[in-house]
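Worksheet: the structure to be examined is printed underneath.
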Ligand code: MN
């Protein structure tokens, strides 16, 4: 039997409070190097990032559950297991859990992250109409 370890030693799972709303846990997948951050991010229902942008863009891969992602000036969109999102360099956006569902995604963030204001409850719950209209 050969086990390829998926995690590396030294970095425990961490709760994020600054720049996040609600309960969000982060597991580093890879030690930060060359301006690349790879994290698994666990969002509980209602939890989300603040508005932010990534200097050189970000790849998200939803692994489990259902959540939301929203680009500035647009409506929140459903993010479901298997979905992949590329966010362009400098594009303001937020991502998080669903109204009643957890979301786990891997985030590959390139360059520095610029954090903006919190996503208001009004902005977040705008997703209600989107989800209802879809079903
Ligand atoms: Mn992002």
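Counting neighbouring Cβ atoms within 10 Å and putting the fewest first, the residues 125, 21, 113 line up as 125, 113, 21.
Once the chain from residue 115 to residue 81 is taken as fully extended at 0.36 nm per residue, the excess over their C-alpha distance is 9.7 nm. Computed from label points 7 Å out along Cα-Cβ, the spacing between residue 72 and residue 1 is 5.1 nm. Quick one: grab the alpha carbon gyration tensor of the chain, order the square roots of its eigenvalues as a ≥ b ≥ c, and give me rounded if a/c is under 1.5, else prolate or oblate depending on whether a/b is larger than b/c. Note, shape of the chain comes out prolate. Listed by Cβ neighbour count within 10 Å, with the fewest neighbours leading, 25, 115, 86, 94 appear as 86, 115, 25, 94.
Where does each of 27, 34 land when they are ranked from fewest to most other beta-carbon atoms within 10 angstrom?
Working: 27 17, 34 5.
Result, fewest neighbours first: 34, 27.
Computed from the Cβ-Cβ distance with R0 of 25 Å, the FRET efficiency linking residue 100 to residue 32 stands at 0.15. Simple spin-label estimate for residue 18 and residue 59 gives 2.9 nm between the two label positions (7 Å along the Cα-to-Cβ direction from each Cα).
Bear in mind these aren't lab numbers, they're just calculated from the coordinates by the rules spelled out. Keep in mind that this is a model prediction, so the values were computed, not measured. Please note: Cβ atoms are built from the backbone with ideal geometry, for glycine as well, and neighbour counts cover all protein chains shown.
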